[in-house]
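The values are calculated or read from the model by the stated rules, or taken from the named source; none is laboratory data. Fair warning: this is a prediction, and the values are worked out from it, not measured in the lab. Cβ sites come from the backbone with ideal geometry, for glycine too, and all protein chains shown count toward neighbours. Just the protein is used for accessible areas: all its heavy atoms, side chains included, with ligands, DNA and RNA removed. Shrake-Rupley method; radii C 1.70, N 1.55, O 1.52, S 1.80 Å.
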Amino acid sequence: QVQLVESGGGLVQAGGSLRLSCAASGRTFSSKTMAWFRQAPGKERDFVAAISWSGGITYYADAVKGRFTISRDVAKNTVYLQMNSLKPEDTAVYYCAATVAVGYIPRTSGYDYWGQGTQVTVSS
């Protein structure tokens, strides 16, 4: 089992920045890819970004390219999501996820473990 705990959400004005953290514990060596998803009220959970634990290869949704950066600290078993130039449409609950699979996996069904989520609200 892998446990994931997100933090760093909050309320920010449009154009501002936030950094989310996802601390992993448990059988972390089994997680090959970590990702962030987000879910707005009444909408499906959407892929935001992913990163491979070993090589640090990153993937991004088109909606966040150039504004968000995913990174990881292997020693701390932590994944980060730096969010800049935030827009009201970025408002959502952001979830961290982990999978034993490798590669570009933008679907929720591809992930084995999930955090509880952290709320990000961007005011206009």
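How large is the dipole of the chain about the Cα centre if only Lys and Arg carry +1 and Asp and Glu carry -1, each at its Cβ, rounded to the nearest 20 debye? It would help to have the intermediate numbers written out before the result.
Numbers: 12 positive and 8 negative charges, 32 e Å.
Charge dipole of the chain: 160 debye, to the nearest 20.
Label points 7 Å out from Cα along the Cβ direction at ASN84 and ASP62: separation in nm?
2.3
Å³ per residue of the Cα convex hull, for the chain? Please report the intermediate quantities before stating the final value.
Numbers: hull volume 11.2 nm³, N = 124.
Value for the chain: 90 Å³ per residue.
If we restrict to alpha carbons, what Rg and Dmax does the stretch 46-106 come to, in Å?
11.8, 34
Taking 0.36 nm per residue of sequence separation and subtracting the Cα-Cα distance, how much length would be gained by fully extending the chain between LEU11 and ARG27, in nm to one decimal?
2.5 nm
Provide the three semi-axes, in whole Å and in decreasing order, of the ellipsoid equivalent to the stretch 79-124 as defined by the square roots of 5 times the Cα gyration tensor eigenvalues.
Here the semi-axes work out to 24, 12, 9 Å.
With the crude spin-label approximation of a point 7 Å out along Cα→Cβ, what separation in nm comes out for THR108 versus ALA40?
Label at THR108, label at ALA40, 1.6 nm between them.
Express in Å², to the nearest 10, the accessible area of TRP53 obtained by rolling a 1.4 Å probe over the protein heavy atoms while all chains stay in place.
Per-residue accessible area (TRP53): approximately 30 Å².
What are the ³J(HN,Hα) values, in whole Hz, obtained from phi via the Karplus relation 6.51 cos²θ - 1.76 cosθ + 1.60 with θ = phi - 60°, for each residue of the stretch 10-27 in sequence order, with x given for Gly and Pro?
Result, rounded to whole Hz: x, 9, 9, 7, 4, x, x, 9, 9, 10, 8, 10, 9, 8, 9, 9, x, 7.
For the stretch 100-124 and the stretch 1-57, what is the separation of their Cα centres, given in Å?
Between the Cα centre of the stretch 100-124 and that of the stretch 1-57, the gap is 6 Å.
I'd like the carbon and sulfur percentage of the solvent accessible area for the stretch 17-124, probe radius 1.4 Å, heavy atoms only, ligands and nucleic acids excluded.
49
Using square roots of five times the C-alpha gyration tensor eigenvalues, list the equivalent-ellipsoid semi-axes of the stretch 1-73 in whole Å, biggest first.
22, 15, 13
Under 10 Å, Cα contacts only: if you run a Gaussian network model on the chain, which one of GLY26, GLY103, GLY56 comes out with the highest mean-square fluctuation?
Fluctuation is largest for GLY26.
How much FRET efficiency would the formula 1/(1 + (r/R0)^6) give for SER52 and GLN116, where r is the Cβ-Cβ distance and R0 is 25 Å, rounded to 0.05?
E(calc), rounded to 0.05, equals 0.60.
Give the accessible surface of the chain per residue, rounded to a whole number of Å², with probe radius 1.4 Å and ligands, DNA and RNA excluded.
50
At a probe radius of 1.4 Å, what is the per-residue accessible area of ILE70, in Å² to the nearest 10?
It works out to around 10 Å².
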